[in-house]
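Q: Okay, handing you the structure first.
The values are calculated or read from the model by the stated rules, or taken from the named source; none is laboratory data. Just so we're clear, the structure is a prediction, and the values are computed from it rather than from any experiment. Positions of Cβ are generated from backbone atoms using ideal geometry, with glycine treated the same way; all protein chains shown enter the neighbour counts. Accessible surface areas use protein heavy atoms only, side chains included; no ligands, DNA or RNA. Shrake-Rupley method; radii C 1.70, N 1.55, O 1.52, S 1.80 Å.
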Amino acid sequence: MSKNAYYQVVIVKNDDIHPLLGITPQAGRKHYTTVIVPKRNESQGQIWRKDDTYLPAILCHQQLEFCMTPLALLIIIAAYLLGSISSAVLICRLYGLPDPRDSGSGNPGATNVLRLGGRGAAAMVLVCDILKGMLPVWLSYWIGINPFLLGIIGIAACLGHIYPIFFHFRGGKGVATALGALAPIGWDLSGMLIGTWLLTVLISGYSSLGSLITALAAPMLTWLVKPEYTMPVSMLSCLIVLRHHDNVRRLLEGKEGKIWNKFSRNSKHSGNNS
């Protein structure tokens, strides 16, 4: 019988469960441990652990640490501000390229910078956008922030990228930043997401379709790897899909450009300048 149908994952403070239950805190987690509580018996305080034994516990509100702490709030604000640094605009200025918000597709992201300035500038934008999502989430994971708040921090970084306060709220689609926010969950999940995007792009030729399929697949892949992160990843996926509404319309109308065209245009531009 599947345990997923009858149990739910909760986050409990190590200081509470360790002396009471004798459960060893998870490796690498300083403050919290993930445990599974039977849904129907939650009020009785039963906790299930890996050896299939039940241990009595008092699951009070202090143990279900889903409340917003001042540190978590500070990190959420910092994640949004970090996400608001538009690497595409800054790198285009560094390379003497047109403003990506007013040129090409009008999207300040790596794909549009690839069209405007070539692979080198696009690679720099891609790396910077990934780091904007990865750094705050990884730091939060390391200090023991619970999965739900980790998801909020990742969403804050993506919202900063999409609606940057430093650049008049004109941002990108948030795909690379979302990938960076998901990376701390595990390299296996990151590999599956990148593989999904690459496979979709190789088959269809559409970068936007690859992003949409990957965003839709992310919650299911997360559930397979670390189910406790499924809900925040689902919220992040909804944000990415909503941000691609213009791409969905162009795909349905057959007007969306393929990524190969961006490479060929850039090659022609380089040939004309040589």
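Q: I'd like the full set of residues that are in contact with a Gly (Cβ under 8 Å, 6 or more places away or on another chain) and in a loop (DSSP other than H, G, I, E, B), limited to the range 158-172. Even if it seems obvious, please write down each step before you answer.
A: Narrowing the range 158-172 to residues in contact with a Gly (Cβ under 8 Å, 6 or more places away or on another chain): 158-164, 171-172.
Within the range 158-172, Y163, P164, G171, G172 qualify.
Q: Next question. Looking at G144, G154, which is the one that is within 17 Å of I76 (Cβ to Cβ) and out of contact with any helix residue (DSSP H, G or I) (no Cβ under 8 Å at 6 or more places or on another chain)? Walk me through how you get there before you give the answer.
A: Working: G154 fails: out of contact with any helix residue (DSSP H, G or I) (no Cβ under 8 Å at 6 or more places or on another chain).
Answer to the selection: G144.
Q: Let me ask something else about it. If only one of G174, G254 is of a type in the set (G, A, S) and open to solvent by 40 Å² or more (accessible area, probe 1.4 Å), which one is it?
A: Working: G174 fails: open to solvent by 40 Å² or more (accessible area, probe 1.4 Å).
G254 is the lone residue from the list that is of a type in the set (G, A, S) and open to solvent by 40 Å² or more (accessible area, probe 1.4 Å).
Q: Check L209 against each of (1) under 13 Å from the mean Cα position of the chain (by Cα); (2) buried (at least 16 other Cβ atoms within 10 Å of the Cβ); (3) in contact (Cβ under 8 Å) with a residue 24 or more places away in the chain and name the one condition it does not meet.
A: Tallying (1) under 13 Å from the mean Cα position of the chain (by Cα); (2) buried (at least 16 other Cβ atoms within 10 Å of the Cβ); (3) in contact (Cβ under 8 Å) with a residue 24 or more places away in the chain, L209 fails exactly one: (1).
Q: Moving on to the next point. If I155 satisfies all but one of (1) in a helix (DSSP H, G or I); (2) within 25 Å of L224 (Cα to Cα); (3) open to solvent by less than 20 Å² (accessible area, probe 1.4 Å), what's the number of the condition it fails?
A: If we test I155 against (1) in a helix (DSSP H, G or I); (2) within 25 Å of L224 (Cα to Cα); (3) open to solvent by less than 20 Å² (accessible area, probe 1.4 Å), just (3) comes out false.
Q: Would you call G186 at pLDDT below 90 and on the phi > 0 side of the Ramachandran plot?
A: Values: at pLDDT below 90: yes; on the phi > 0 side of the Ramachandran plot: yes.
In short, yes.
Q: Would you be able to tell me the number of residues in the range 212-240 that are under 11 Å from the mean Cα position of the chain (by Cα) and not in a helix (DSSP H, G or I)?
A: Result for the range 212-240: 0.
Q: Do we have T200 as part of a helix (DSSP H, G or I), open to solvent by 10 Å² or more (accessible area, probe 1.4 Å) and of a type in the set (S, T, Y) here?
A: Values: part of a helix (DSSP H, G or I): yes; open to solvent by 10 Å² or more (accessible area, probe 1.4 Å): yes; of a type in the set (S, T, Y): yes.
So T200 fits the description; yes.
Q: Another question about this same structure. Suppose we filter V125, V137 for residues that are touching a Gly at 6+ places or on another chain (Cβ under 8 Å), in contact (Cβ under 8 Å) with a residue 24 or more places away in the chain, open to solvent by less than 40 Å² (accessible area, probe 1.4 Å) and under 16 Å from A78 (Cβ atoms); which single one remains?
A: Values: V125 fails: under 16 Å from A78 (Cβ atoms).
It is V137.
Q: In this structure, is L139 within 11 Å of L82 (Cβ to Cβ) and part of a helix (DSSP H, G or I)?
A: On the way: within 11 Å of L82 (Cβ to Cβ): yes; part of a helix (DSSP H, G or I): yes.
The answer is yes for L139.
Q: Moving to a separate point now. May I ask you to list the residues in the range 137-191 that are among the β-branched types (V, I, T) and more than 14 Å from the chain's Cα centre (by Cα)?
A: Going through the range 137-191, the residues among the β-branched types (V, I, T) turn out to be 137, 143, 145, 152-153, 155, 162, 165, 175, 177, 185.
Correct list: I143, I145, I165.
Q: Take the residues of the range 167-183 that are in contact with a helix residue (DSSP H, G or I) (Cβ under 8 Å, 6 or more places away or on another chain) and not small (G, A, S): which is modelled with the highest pLDDT? Give the steps one after another, and end with the answer.
A: Narrowing the range 167-183 to residues in contact with a helix residue (DSSP H, G or I) (Cβ under 8 Å, 6 or more places away or on another chain): 167, 171-183.
Those still in the list that are not small (G, A, S) too: 167, 173, 175, 177, 179, 182.
On the way: F167: 91, K173: 89, V175: 90, T177: 94, L179: 91, L182: 90.
My answer is T177.
Q: Restricting attention to the range 212-229, which residues are buried (at least 16 other Cβ atoms within 10 Å of the Cβ), closer than 20 Å to G180 by Cβ and modelled with pLDDT of 90 or more?
A: L212, I213, T214, A215, A217, A218, P219, L221, T222
Q: For the range 69-92, which positions are outside any helix (DSSP H, G or I), under 20 Å from G172 (Cβ atoms) and more than 16 Å from the chain's Cα centre (by Cα)?
A: Listed by number, the residues that qualify are I85, S86.
Q: Additional query: Go through (1) of a type in the set (S, T, N, Q); (2) farther than 30 Å from G96 by Cβ; (3) open to solvent by 20 Å² or more (accessible area, probe 1.4 Å) one by one and return the number of the condition T111 breaks.
A: Checking T111 against (1) of a type in the set (S, T, N, Q); (2) farther than 30 Å from G96 by Cβ; (3) open to solvent by 20 Å² or more (accessible area, probe 1.4 Å), the one that fails is (2).
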